[in-house]
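K.L.:
Here's a structure for you.
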Amino acid sequence: MKPSQFRAWRKSMGYKQKEAAERLGLKKRMIQYYENGNRDGKPVEIPKSVRLACYALSTGIADFDGEKTTENSTLAE
């Protein structure tokens with residue numbers, strides 16, 4: 001996933017950077033690094049776990065406890 005794709009995903013979900021960070025279990029600063037593609041001038045790769053979490057959120061899955069999923073609509077805001 002390229003930085004532009006990550007930003008496009010976030011915007012398509014209607015998330016602000018802070019909300020994307022909360023949904024992905026990250027700090028807002030990491031969202032900024034992923035969208036810029038660098039951190040302190042060094043390239044930043046979006047980890048597979050984050051890419052998979054983006055996909056899960058896109059399909060309506062908010063969480064997985066090892067046995068069952070929690071849908072986005074039932075996630076506490």
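The values are calculated or read from the model by the stated rules, or taken from the named source; none is laboratory data. These numbers come from a predicted model, not from an experiment. Counting neighbours? That spans all protein chains shown, and the Cβs are built from the backbone with ideal geometry, glycine included. Note: areas computed on protein heavy atoms with side chains; ligands, DNA, RNA excluded. Shrake-Rupley method; radii C 1.70, N 1.55, O 1.52, S 1.80 Å.
K.L.:
How many residues, within segment 5-16, are part of a helix (DSSP H, G or I) and open to solvent by less than 40 Å² (accessible area, probe 1.4 Å)?
P.N.:
3
K.L.:
Kindly indicate whether Gly25 is exposed (fewer than 11 other Cβ atoms within 10 Å of the Cβ), out of contact with any strand residue (DSSP E or B) (no Cβ under 7 Å at 6 or more places or on another chain), at positive phi and among the small types (Gly, Ala, Ser).
P.N.:
When the stated conditions are applied, Gly25 does not pass them.
K.L.:
Which members of segment 29-47 meet the condition of being within 20 Å of Ala62 (Cβ to Cβ) and surrounded by 14 or more Cβ atoms within 10 Å (Cβ to Cβ)?
P.N.:
Within segment 29-47, Met30, Ile31, Tyr34, Ile46 meet the criteria.
K.L.:
Condition first: under 13 Å from the mean Cα position of the chain (by Cα), part of a helix (DSSP H, G or I) and in contact (Cβ under 8 Å) with a residue 24 or more places away in the chain. Now tell me which residues in segment 32-64 satisfy that.
P.N.:
Tyr34, Glu35, Val50, Arg51, Ala53, Cys54, Leu57, Ser58
K.L.:
Okay, next question. When you check Gly37 against the structure, is it on the phi > 0 side of the Ramachandran plot and touching a helix residue (DSSP H, G or I) at 6+ places or on another chain (Cβ under 7 Å), yes or no?
P.N.:
Taking the combined requirement at face value, the residue satisfies it.
K.L.:
On the given criteria, is Ala62 open to solvent by less than 90 Å² (accessible area, probe 1.4 Å), within 17 Å of Gly14 (Cα to Cα) and in contact with a Gly (Cβ under 9 Å, 6 or more places away or on another chain)?
P.N.:
no
K.L.:
Quick check on my filter: what residues within segment 21-31 are not in a helix (DSSP H, G or I) and not charged (D, E, K, R)?
P.N.:
Selection gives Gly25, Leu26.
K.L.:
Moving to a separate point now. Taking the stated definitions as given, is Lys2 out of contact with any Gly (no Cβ under 9 Å at 6 or more places or on another chain) and either loosely packed, with under 11 Cβ neighbours inside 10 Å or not hydrophobic (A, V, I, L, M, F, W, C) (or both)?
P.N.:
no
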